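What follows is a short report on a single structure.
Every number here is computed from the coordinates shown, using simple stated rules; none is lab data. Worth saying up front: this structure is predicted, and the values here are computed from it rather than measured. Heads up, the Cβs are rebuilt from the backbone with ideal geometry, glycines too, and the neighbour counts pull from every protein chain shown.
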Amino acid sequence: MNTPTDRPKSSKGLRTLAGLMPFLMPYRTRIILAIVALIVAASTTLTLPYGFRNLIDLGFTTAGSAQAENVNIYFIALFLLACLLALATAARFYMVSWLGERVTSDIRAAVYAHVLRQSPAFFEITQTGEVLSRLTTDTTLIQTVVGTSISMALRNILLLMGGVLMMFITSPKLSAIIIVMLVLVILPVMVFGRRVRKLSRASQDRIADASGIAGEMLNAIGVVQAYAQETREARRFGSAVETAFRTAIARIRARSLLTAIAILLIFGAIVFVLWLGAHAVIEGSMSAGELGQFILYAVIVAGAIAALSEVIGDAQRAAGASERLLELLAEQSPIRSPEHPTAMPPRAANGAELSIDNLSFRYPSRPDTLALSDLSMAVNAGDTIAVVGPSGAGKTTLFQLLLRFYDPERGSIRLDGVDIRELRLQDLRNMIGIVPQDTVVFSANAMENIRYGRPEASDDEVIAAAKLAAAHEFIERLPEGYQSFLGERGVRLSGGQRQRIAIARALLKNPPLLLLDEATSALDAESERLVQHALDAAMQGRTTLVIAHRLATVQRATRIIVLEQGRVVETGTHAELVDAGGLYASLAALQFASE
């Protein structure tokens with residue numbers, strides 16, 4: 001996906017809106033009803049001038065009681081037409097407003113669901129704030145078009161076509177003159193319309209840039225405040241907002257100029273033609289009723305053109321928004337379930353067997369650097385394997401490949417003899433529980449945070465998992481116990497408490513393969529002792545891979561695998577590796593000395 005700075009400029013224009021058709025077609029019945037109401041309303045509007053003509057020419061030209069009778073009849077007819085127009089317009093408004101809300105909701109849901117399925121590589125090059133901007137600002141613009149602008153455009157196109165036809169029926173000569181003049185008006189409208197579209201796309205991009213900055217800083221507010229950078233970040237966001245403002249003003253200026261030119265030229269043409277019509281009435285070649293009818297049709301045509309110029313401006317903005325959303329929906333994650341997935345064999349009582357053969361991998365954002373190189377290992381079911389090594393050795397990368405967040409360049413990973421690329425993603429990830437180093441706690445209560453590991457779990461099962469993770473006691477002390485809201489990103493908890501919530505979540509899932517990425521790194525000595533006992537119990541009956549620097553964790557491992565620069569450089573038990581005097585012995589001397 002292109003970043004905000006390198007996104008290509010599109011030349012598709014309003015054709016981009018055709019990409020919304022898949023979201024509209026499920027509601028074709030309502031669309032048909034809206035079109036019927038639209039046609040009735042437009043037809044009624046076009047009938048009104050004819051009624052006024054008859055009122056003038058027939059109602060006021062007769063004498064006596066017949067005159068009053070004619071006037072009454074035509075006024076009653078005009079009132080009935082007004083009633084029909086009111087009902088049809090109300091029906092059209094309801095239908096198209098419903099469509100706007102429904103389609104916008106569907107697009108938001110589709111885009112969000114699509115983004116959730118993207119691989120981590122997508123988020124390496126895409127700001128979260130930009131995605132949120134597309135979900136909110138861009139979809140709001142589309143709602144305006146679907147719920148208002150399309151309906152207004154169709155209505156005014158009908159009025160324009162019908163009005164022009166009736167003008168020709170009323171006075172071919174005057175109509176020919178006004179049509180020629182209106183064609184001259186359309187040319188500058190088209191020229192400025194293209195400029196408005198380009199500026200609309202640029203305006204949306206700048207808003208997304210500002211949203212990206214805000215999202216990033218709000219997620220790191222603790223760091224911003226710790227380094228006293230509030231003023232600097234406020235200035236940076238203010239600069240981005242100011243850039244978005246200047247771009248928006250350029251768009252507004254172009255659209256204002258477009259509207260002024262359209263109104264000036266259209267009404268100038270109408271005034272000139274009506275001047276000719278007034279002289280025709282004086283000369284007797286045209287009746288007063290016909291001139292009145294022609295004037296009303298000319299006003300309808302002029303109003304339709306003016307409205308279309310406004311609608312085109314909205315449509316140009318929506319075209320840019322649609323383009324951005326369709327770009328997002330067109331993104332295809334390279335990590336997908338196979339078309340014909342392999343079924344997992346029945347779960348063994350002692351966990352999953354893991355086999356890694358000649359694994360090599362580079363991150364998409366760092367294509368020149370090998371994160372893993374020809375890495376191989378075999379893990380028996382029920383083993384606890386400690387993975388250690390200096391920072392950047394590839395430990396976390398290995399976990400990401402096991403979860404199939406990325407696919408390797410070469411080599412394979414097998415669970416119970418099945419290549420993980422042959423498994424359905426959901427099946428694979430259901431087999432793995434992970435406690436990451438950067439703990440994630442959601443904006444929910446403690447019960448729901450732990451239950452995230454297995455949504456169908458009962459309250460008793462959640463509490464049992466919390467007890468295993470040494471989280472039960474501190475949760476019980478919260479104001480509302482397990483129903484206590486933990487705050488966004490768990491801000492109401494300490495680092496160790498958040499870590500124990502994450503451990504409880506993984507334990508509740510009860511997977512055959514458990515991945516612990518520095519699972520006790522944020523715990524104090526007492527909490528670590530409690531959690532370590534819980535982890536010892538949790539490791540029973542499952543295969544466990546542990547990224548750890550703590551001596552207690554490493555010493556419990558069946559085997560230790562030492563990584564350096566993406567390669568396995570040593571394998572053995574703690575005692576064997578210390579005696580070997582290699583990299584592990586150096587790391588042990590540095591990292592375990594205090595323990």
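In terms of the ratio Rg/(2.2 N^0.38 Å) built on C-alpha atoms, what value belongs to the stretch 354-591? Display every interim value, and only then the final one.
On the way: Rg = 18.1 Å, N = 238, 2.2 N^0.38 = 17.6 Å.
My calculation over the Cα atoms of the stretch 354-591 gives 1.03.
What's the extension gain from Ser365 to Glu473 if we count 0.36 nm per residue and subtract their Cα-Cα distance?
Values: separation 108, 0.36 × 108 = 38.88 nm, distance 4.31 nm.
Result for the pair: 34.6 nm of gain on full extension.
Quick check: residue separation of Gln565 and Leu24 times 0.36 nm, minus the Cα distance between them. What number comes out in nm?
On the way: separation 541, 0.36 × 541 = 194.76 nm, distance 5.23 nm.
Result for the pair: 189.5 nm of gain on full extension.
Taking the Cα centre of the chain as the origin, how large is its charge dipole in debye, to the nearest 20, when only Lys and Arg (+1) and Asp and Glu (-1) carry charge on their Cβ atoms?
Details: 56 positive and 54 negative charges, 399 e Å.
Dipole size: approximately 1920 debye.
How do Met447, Met152 rank when sorted from fewest to most other Cβ atoms within 10 Å of their own Cβ?
On the way: Met447 17, Met152 20.
With the sparsest Cβ surroundings first, the list reads Met447, Met152.
If I stretch the segment between Glu230 and Arg336 completely, what's the gain in nm (0.36 nm per residue apart, minus their alpha carbon distance), one decimal?
Using 0.36 nm per residue and subtracting the Cα-Cα distance, I get 34.1 nm.
For the chain, what is the convex hull (Cα atoms) projected area averaged across all directions, in square nanometres? It would help to have the intermediate numbers written out before the result.
Working: hull surface 147.6 nm².
If I average the Cα hull's projected area over directions, I get 36.9 nm².
If I require 18 Å or longer along the helix axis, counting alpha carbons, and a Kyte-Doolittle average no lower than 0.5, what helices from the chain are left? Use full DSSP H segments.
Numbers: long enough: 28-54 (39 Å, 1.03); 64-116 (78 Å, 0.95); 150-170 (29 Å, 1.84); 172-219 (68 Å, 0.77); 230-283 (78 Å, 0.87); 288-330 (59 Å, 0.96); 495-509 (22 Å, -0.21); 525-538 (19 Å, -0.25).
Membrane-span-like by this rule: 28-54, 64-116, 150-170, 172-219, 230-283, 288-330.
Please report the antiparallel percentage of the DSSP beta bridges confined to the chain, to the nearest 5. Write down the numbers at each step before the final one.
Details: 18 of 35 bridges.
Once the DSSP bridges in the chain are tallied, antiparallel ones form about 50 percent.
Which cross-chain or sequence-distant (5 or more) residues have an amide H under 5 Å from the amide H of Gln127, H modelled 1.01 Å from N in plane?
Here nothing satisfies the definition.
Sum up the charges of everything whose Cβ sits under 10 Å from the Cβ of Gly382, counting Lys and Arg as +1 and Asp and Glu as -1, but leave Gly382 out. Spell out each step's value before the answer.
Numbers: positive: Arg542; negative: Glu353, Asp383.
Cβ neighbours under 10 Å give a net charge of -1.
How high is the FRET efficiency between Phe267 and Arg246 when r is their beta carbon distance and R₀ equals 45 Å, given to the nearest 0.05?
Values: r = 32 Å, r/R0 = 0.71.
Step by step, r from the Cβ atoms, then E = 0.90.
What is the local net charge at Arg424, summed over the other residues whose Cβ is closer than 12 Å to its Cβ (Lys, Arg +1; Asp, Glu -1)? Write out the running numbers ahead of the final one.
Numbers: positive: Arg336, Arg404, Arg421, Arg429; negative: Glu339, Glu422, Asp427.
With Lys, Arg at +1 and Asp, Glu at -1, the net is +1.
Rank Gly215, Ile31, Ile177 by how far each Cα sits towards the positive end of the charge dipole of the stretch 21-330 (+1 on Lys, Arg Cβ; -1 on Asp, Glu Cβ) and give me just the farthest.
Gly215
Tell me, what is the FRET efficiency for Ile31 and Asn350 to the nearest 0.05, using R0 = 56 angstrom and their Cβ-Cβ distance as r? Display every interim value, and only then the final one.
Working: r = 59 Å, r/R0 = 1.06.
Efficiency for this residue pair is about 0.40.
Do the sum for the chain: with -39,500 (n - 2.57) for every DSSP H run of n ≥ 4, divided by all residues, what is the mean residue ellipticity at 222 nm, to the nearest 500 deg cm²/dmol? Mind showing how you got there, number by number?
Working: 21 runs with 359 residues, N = 595.
Taken over the chain, the calculation gives -20000 deg cm²/dmol.
Can you list residues from other chains, or at least 5 along the same chain, whose modelled amide H is less than 5 Å from the amide H of Val387?
Amide H neighbours of Val387: Val546, Ile547, Ala548, Ile561.
I need the Debye-formula profile for the stretch 21-330: one equal scatterer per C-alpha, no solvent, reported as log10 I(q)/I(0) at q = 0.11 1/Å, two decimals.
Treating every Cα as an identical point scatterer, log10 I(q)/I(0) equals -0.83.
Enumerate the calculated ³J(HN,Hα) couplings along the stretch 366-372 in order (Karplus 6.51 cos²θ - 1.76 cosθ + 1.60, θ = phi - 60°), each rounded to whole Hz, writing x wherever the residue is Gly or Pro.
Result, rounded to whole Hz: 9, x, 8, 10, 7, 7, 9.
Could you tell me how far the Cα centroid of the stretch 376-436 sits from the Cα centroid of the stretch 562-586, in Å?
20
Going by how many other Cβ atoms sit within 10 Å of their own, how do Ser391, Ser151, Ser43 line up, fewest first? Mind showing how you got there, number by number?
On the way: Ser391 6, Ser151 24, Ser43 16.
The order, fewest Cβ neighbours first, is Ser391, Ser43, Ser151.
Along Cα→Cβ, 7 Å out, is where each label goes; now give me the distance between the ones at Val281 and Ala77 in nm to one decimal.
2.0
Using each residue's phi in the stretch 404-412, evaluate 6.51 cos²θ - 1.76 cosθ + 1.60 at θ = phi - 60° and report the 3J(HN,Hα) Karplus result to the nearest Hz, with x for Gly and Pro.
Working through the residues one at a time gives 6, 6, 9, 10, x, 5, 9, x, 8 Hz.
Tally Lys and Arg at +1 and Asp and Glu at -1 over the other residues with C-beta under 11 Å from the C-beta of Ile463: what net charge comes out? It would help to have the intermediate numbers written out before the result.
Details: positive: Arg451, Lys467; negative: Asp459, Asp460, Glu461, Glu476.
Counting the neighbours of Ile463, the net charge comes to -2.
Magnitude of the Cβ-charge dipole of the stretch 314-440, K/R +1 and D/E -1, about the Cα centre, nearest 20 debye?
Working: 13 positive and 17 negative charges, 35 e Å.
My answer is approximately 160 debye.
For Val96, Val164, what ranking results if the residue with the fewest other Cβ atoms within 10 Å of its Cβ goes first? Present the calculation step by step, with values, prior to reporting the outcome.
Values: Val96 25, Val164 19.
Listing Val96, Val164 from fewest to most nearby Cβ atoms yields Val164, Val96.
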